[in-house]
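What follows is a set of notes on a single structure, which appears directly below.
The values are calculated or read from the model by the stated rules, or taken from the named source; none is laboratory data. Note that this is a predicted model, so its numbers are computed, not measured. Cβ sites come from the backbone with ideal geometry, for glycine too, and all protein chains shown count toward neighbours.
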Amino acid sequence: MGKVKGRDEKRLKPDQSPSRDVRSWLDEVKSLGLLKTVEGADWDEEIGAITDTNVKKNKYTLLFDKIKGYPKGFRVLTGSLLDSRRVALTLGLPPTMSDLELVKVLRDRLKSAGENIDEYSPRYVDDAPLFENTLKEVDMSMFPAPKWFVHDGGRYIGTADAVMTRDLETGWVNVGTYRMMLKDKNTLSILFEAVRHGRFMVKKYWDAGKPCPVAVSFGHHPLALMFAGIEAPQGVSELAYAGAVSEQPYEVIKGPVTGLPIPADSEVAIEGYIVNEPTTEGPLGEFIGYYSMATANQAPTVKVEAVYHRNDPILLGTCAGRPPHDYSYFRCPVRAALIWDILEKAGIQGVQGVWCHEAGYSRAFTVVSIKQMFAGHDRMAGYIACQSRPGAVAGRYVVVVDDDIDPTNLDDVIWAMCSRSDPATGIDIISETIGTPVDPLAEHDPSKDMLEYTGSRGIIFATKPFGRLLRNEFPKVVEPSPEVKEKVTREWSEIF
């Protein structure tokens, strides 16, 4: 059997490495003035409405307690990764970075992670607070899983979860964020999109006539959410990837039922089996901002065998909506860093920055800034960015801009599109590329497999014509000189 990256198991005692859990993280968020406790909200739509309104206004991290119908201490956390401060904090970085500074650090760490992934394999500990309560008599309704919005098909306990499955052939452990709806006291549904690693792993078990073992954490440090919901390289455990990027191995504990690793910082977790018994699931609002699949789906069933939770457990939750929504930000810097890394590995020189915008739900509006070195340079960057895996899934537009444009600044980007892109020659279209059934433009057919969906991509080249740039013939931008701008900013600080 070949060696799988991130698979090696290392065991350590709980006191051998720094603490990483959601409660310590909340203390740090509170110290920044970004935490609000909400008491008395109803799990039925109110938590969703408060969460959605918050992200569009003050962007607090919200800790819901004394939820209607539930005892004090059974809590739900939303708004965990709404801006660069909280993403940086989650990675152990100073919470003072700009969006592009965060991308640059992430790009460097992603490159390092690829070279040193084995050093950050998950570390097994012998015990964890998760097992303060171990329940074999399962009743999942004991947790305040929200019904987020009025048109949702049910209550969703899994929206920011970490779902662990193991490849039947290689032993590679995948960690994904897959939505999970309450069905009854010991049954959940789980929905996999077409090209997710977890989907392929489950199918291998089913093809072998076996149920697929699964462990799920429903409350954990936001670092697990960041990397469970992103495209890690094939064969690499997302837990190893998270450890490498944060430069601290992730601690896990072996699940008593399945033997799968469970984050040691988990607040609530289950073990069980994914069985080939389709059940109705959804609808649930999608990250694009629509109920794209407006009717109930057929999804696999999870049979829950055991439940574990800390005293006063915290469910980590999130919900979609019209962007910006509760989880639209954190994927922007991570996905931008992944695309930047892919561009450089493909030999694209002169990349100055990449940003995936929240308005495009981190997937559909990507901007690449380059320092043009030759004719066609912008085409190379645009095509690779839009067809790379982190840039392709649910993608729509890639915009390539010059190095004087800040890719994180929509005003800059739109100005470049309007002044440097000729619609007749500056837009290329790729048809029949990878699609998704959650695309609101997708035409649904009950006989259509999820793997059949395709879509198109627009690549907008908002760059100065290279010949005119080379000969210094493109009009100069109207702006103060850098020296005078720095001088007046310093001397007239009361204005700026």
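Here are some notes:
- Restricted to the range 158-178, and to residues there that are over 19 Å from Cys319 (Cα atoms) and of a type in the set (A, V, I, L, M), the residue that is surrounded by the fewest Cβ atoms within 10 Å (Cβ to Cβ) is Leu168.
- Candidate set from the range 103-126 (those that are assigned to a loop (DSSP other than H, G, I, E, B) and not hydrophobic (A, V, I, L, M, F, W, C)); member that is surrounded by the most Cβ atoms within 10 Å (Cβ to Cβ): Pro122
- Matching helices (runs of 4 or more DSSP H) fully within the range 402-496 where at least 3 residues are loosely packed, with under 14 Cβ neighbours inside 10 Å: 410-420, 482-491
- Of everything in the range 348-391 that is closer than 24 Å to Gly435 by Cα and among the aromatic types (Phe, Trp, Tyr), the residue that is surrounded by the fewest Cβ atoms within 10 Å (Cβ to Cβ) is Tyr383.
- Residue match in the range 384-396 (condition: of a type in the set (A, V, I, L, M), under 16 Å from Glu344 (Cβ atoms) and touching a residue at least 40 places away in the same chain (Cβ under 8 Å)): yes
- Some residue of the range 279-298 being touching a Pro at 6+ places or on another chain (Cβ under 8 Å), at pLDDT below 95 and not in a loop (DSSP other than H, G, I, E, B): yes
- Looking only at the range 261-287, and only at residues there that are crowded, with 22+ Cβ neighbours inside 10 Å and among the aliphatic types (A, V, I, L, M), the one that is farthest from Leu168 (Cα to Cα): Leu284
- Qualifying residues in the range 364-401 (those that are of a type in the set (Phe, Trp, Tyr) and not in a helix (DSSP H, G or I)) - the one farthest from the chain's Cα centre (by Cα): Phe374
- Meets criteria (out of contact with any helix residue (DSSP H, G or I) (no Cβ under 9 Å at 6 or more places or on another chain) and buried (at least 16 other Cβ atoms within 10 Å of the Cβ)) for Asp99: no
- Residue in the range 125-141 that is in contact with a helix residue (DSSP H, G or I) (Cβ under 7 Å, 6 or more places away or on another chain) and over 16 Å from Tyr308 (Cβ atoms) present: no
- Counting residues in the range 313-331 that are part of a helix (DSSP H, G or I), modelled with pLDDT under 95 and either in the same structural domain as Asn409 (by TED's automatic domain parsing) or among the charged types (D, E, K, R) (or both) gives one or more.
- Only residues that are closer than 17 Å to Pro300 by Cβ and under 19 Å from the mean Cα position of the chain (by Cα) were counted across the range 160-180, and they come to 10.
- Candidates in the range 234-290 are the residues that are of a type in the set (Asp, Glu) and touching a helix residue (DSSP H, G or I) at 6+ places or on another chain (Cβ under 9 Å); of these, the one that is farthest from Lys147 (Cα to Cα) is Glu247.
- No other residue among Ala381, Ala336 is touching a Leu at 6+ places or on another chain (Cβ under 9 Å), free of Cβ contacts under 8 Å to residues at least 40 places away in the same chain and of a type outside the set (Phe, Trp, Tyr) apart from Ala381.
- Selected residue (only one of Ile460, Ile434 is touching a helix residue (DSSP H, G or I) at 6+ places or on another chain (Cβ under 8 Å), touching a residue at least 60 places away in the same chain (Cβ under 8 Å) and farther than 28 Å from Met373 by Cα): Ile434
- The set of residues from the range 127-163 being in contact with a Phe, Trp or Tyr (Cβ under 8 Å, 6 or more places away or on another chain) and either part of a loop (DSSP other than H, G, I, E, B) or outside the structural domain of His197 (by TED's automatic domain parsing) (or both) comprises Phe143, Pro144, Ala145, Pro146, Trp148, His151, Arg155, Thr159, Ala160, Asp161.
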